Amino acid sequence: MKRKSESIRNKLLPVLTFCLILLIWWGLSVSGVIPGYMLPSPADVIRAFVRDFPNLMQHAWVSLEEALIGLVAGTLLAFGLACAMDRFESLEKAFMPLLVVTQTIPTIAIAPLLVLWMGFGVAPKITLVIVTTFFPIAVGLLDGFKSADPDSVNLLLSMNADRWQIFWVVKFPAALPYFFSGLRISASYAVVGAVISEWLGGFEGLGVYMTRVRKAYAFDKMFAVIFLIIIVSLLLMRLVTLLRAVSMPWLRARPAHEKKGE
Amino acid sequence: MALLRTENISIAFDGRQILRDISVSLEEGELVSLLGLSGSGKSTLLNIISGLLPPDAGRVFLEEEEITGRPGHVSYMLQKDLLLEHKRIIDNVCLPLTLRGTKRRQAHREAGQYFDQFGLSGTERLYPAQLSGGMRQRAALLRTYLSSRKIVLLDEPFSALDMITKGQMHEWYLDVMHRVHLTTLLITHDVNEAILLSDRVCLLTGSPGEIRHVIRIEAPWDQRKDFELTPEFLSYKQQIMGLLRS
């Protein structure tokens with residue numbers, strides 16, 4: 001019983017914090033401490049969200065599509081890269097510093113360049129998402145491959161296993177938890193990456209919508225789209241968590257005392 | 001004819017001699033233990049016999065066929081059971097078969113018939129995390145057995161278990177070993193374990209490690225259960241402790 005009430009409390013606490021912030025925000029805008037044209041009240045934001053819902057959804061789909069395609073491509077790229085770097089240590093030595101450098105380039109700076117090179121279509125958006133998402137996954141996978149127990153590898157060698165078998169039986173499963181940690185971070189980057197690249201040129205997407213409402217000083221719509229981006233990112237991260245649970249069923253297996261036999 | 005035989009094995013790392021002239025031979029159905037203190041090169045010898053490490057000098061024979069530096073003939077089991085957490089017990093145990101290319105269903109059938117004998121019935125569909133330490137070691141032994149049915153090398157297999165479980169595992173091991181006609185080379189630092197389980201105890205002493213003494217333990221295996229409480233056991237222990245100290 002005690003554990004159950006504790007878990008309810010743990011779930012309730014963040015909700016309470018969120019409500020408290022909402023309440024403070026509402027108080028600030030309603031009391032006029034901050035003028036309404038600068039900070040719309042939560043009610044205004046909800047109204048804007050509902051009124052513009054079909055429009056928002058249409059843009060959201062475009063951004064989500066870019067984010068998902070970029071994330072999948074980024075994951076594949078990361079997987080290939082991590083496998084190659086794990087197989088050939090010299091590749092890791094040669095490319096790791098370069099990869100780290102790519103992560104220090106400000107997204108905002110290369111986004112306009114990508115638009116210049118690739119045009120106003122979806123290509124520069126997807127490219128930017130790939131650039132921002134592949135790194136956490138690649139690093140996670142590489143650490144994961146290295147985390148494989150050398151004694152397990154030796155055991156398989158003693159059974160005459162080849163490199164390929166060792167990879168699939170020991171290294172890949174060992175890397176899965178690391179992979180999903182990386183993927184979760186990348187999923188949160190993906191939507192934001194797509195939106196940023198839309199700011200700098202394009203016809204559709206949440207970033208384009210954002211630019212438009214900003215220019216119109218429609219702050220209520222601005223907040224509405226910010227919340228939408230948060231919701232989409234959270235849903236995407238939730239999807240990763242589900243995927244993780246489905247891919248690693250052994251993590252949920254609890255000791256079966258009645259079957260122990262000892 | 002010896003089932004497994006090593007011939008004058010020597011190895012050095014970074015100019016330091018670890019093992020010198022190690023010759024052991026095991027008859028079929030025998031349990032021979034290599035008793036040595038920590039750092040006497042016991043595990044190095046295990047890696048050499050299993051083919052993972054080529055020795056500087058000397059040779060290893062399995063049924064008079066040379067297997068020096070060739071893995072895949074002799075399997076081993078460590079203190080760490082090395083069960084793969086992501087595979088169910090049946091798939092863990094079948095690993096040596098599936099690695100060889102046996103179809104999964106066929107491998108399951110082949111391994112399934114041993115679960116009862118190894119005291120593992122009912123665990124087939126469980127994950128390793130769901131088993132106790134003793135049960136995990138049983139599964140690891142079955143995997144080792146399916147990898148090389150004639151002979152297994154055990155490197156301090158029971159030393160991580162508590163005293164009661166360890167006692168149960170010793171009894172269980174002697175029982176299983178005679179049921180499936182297993183030949184065992186046991187590497188241990190536990191004098192009691194060595195006397196209790198072995199037909200012969202080889203003392204690996206000195207630096208570099210050499211086998212200087214071999215003690216034959218004369219007690220039928222079906223009387224080993226309470227062997228530890230007999231005066232004979234104590235006199236063996238006294239003799240071995242004396243030799244280890246000198």
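The values are calculated or read from the model by the stated rules, or taken from the named source; none is laboratory data. Values in this document were obtained by computation on a predicted structure and should not be read as measured data. So basically every Cβ, Gly included, is an ideal-geometry build from the backbone, and we count neighbours across all protein chains shown. Please note that ligands, DNA and RNA were not included when accessible areas were found on the heavy atoms of the full protein model with its side chains. Shrake-Rupley method; radii C 1.70, N 1.55, O 1.52, S 1.80 Å.
Computed quantities for the displayed model
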quantity: Test: residue in the stretch A:10-25 that is out of contact with any strand residue (DSSP E or B) (no Cβ under 7 Å at 6 or more places or on another chain), of a type in the set (Phe, Trp, Tyr) and surrounded by fewer than 11 Cβ atoms within 10 Å (Cβ to Cβ); calculated: yes
quantity: Test set (1) more than 14 Å from chain B (Cβ to nearest Cβ); (2) open to solvent by less than 20 Å² (accessible area, probe 1.4 Å); (3) over 29 Å from residue A:113 (Cα atoms) - residue A:242 fails condition number; calculated: (2)
quantity: The lone exception for residue A:183 - which of (1) over 21 Å from residue A:138 (Cβ atoms); (2) open to solvent by less than 30 Å² (accessible area, probe 1.4 Å) it fails; calculated: (1)
quantity: Residue pairs meeting the criteria (Cβ under 8 Å; at least 6 apart or on separate chains; first of a type in the set (Ser, Thr, Tyr), in the stretch B:124-135; second part of a helix (DSSP H, G or I) and surrounded by fewer than 20 Cβ atoms within 10 Å (Cβ to Cβ)); calculated: B:127/A:250; B:132/B:165
quantity: Pick from the stretch B:62-86, criterion surrounded by 16 or more Cβ atoms within 10 Å (Cβ to Cβ) and farther than 21 Å from residue B:145 by Cβ, ranking: farthest from the chain's Cα centre (by Cα); calculated: B:86
quantity: The listed residue being under 21 Å from residue B:193 (Cβ atoms) and more than 9 Å from chain A (Cβ to nearest Cβ), out of B:40, B:23, B:75; calculated: B:40
quantity: Selection count where residues are assigned to a helix (DSSP H, G or I) and free of Cβ contacts under 8 Å to residues at least 24 places away in the same chain, scope the stretch A:132-162; calculated: 9
quantity: Positions within the stretch A:134-159 being out of contact with any helix residue (DSSP H, G or I) (no Cβ under 7 Å at 6 or more places or on another chain) and within 9 Å of chain B (Cβ to nearest Cβ), in sequence order; calculated: A:149, A:151, A:154, A:155, A:157, A:158
quantity: Residue that is surrounded by the most Cβ atoms within 10 Å (Cβ to Cβ) [pool: residues in the stretch B:43-61 that are more than 12 Å from chain A (Cβ to nearest Cβ) and within 16 Å of residue B:148 (Cβ to Cβ)]; calculated: B:60
quantity: Among the residues listed as B:7, B:28, the single one being in a strand (DSSP E or B) and either more than 14 Å from every other protein chain (Cβ to nearest Cβ) or under 20 Å from the mean Cα position of the chain (by Cα) (or both); calculated: B:7
quantity: Residues satisfying the stated conditions in the stretch A:118-133, i.e. open to solvent by 20 Å² or more (accessible area, probe 1.4 Å) and touching a helix residue (DSSP H, G or I) at 6+ places or on another chain (Cβ under 7 Å); calculated: A:118, A:122, A:126, A:127, A:130, A:131, A:132
quantity: Cβ-Cβ under 8 Å pairs, at least 6 apart or on other chains, the stretch A:10-25 side on the phi < 0 side of the Ramachandran plot, far side outside any helix (DSSP H, G or I); calculated: A:25/A:39; A:25/A:41
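Results for (1) without any contact (Cβ under 8 Å) to a residue 40 or more places away in the chain; (2) open to solvent by less than 70 Å² (accessible area, probe 1.4 Å); (3) under 23 Å from residue A:191 (Cβ atoms), shown as yes or no for each residue.
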residue	(1), (2), (3)
A:7	yes, yes, no
A:27	yes, yes, no
A:31	yes, no, no
A:37	no, no, no
A:55	no, yes, yes
A:69	no, no, yes
A:75	no, yes, yes
A:84	yes, yes, no
A:103	yes, yes, yes
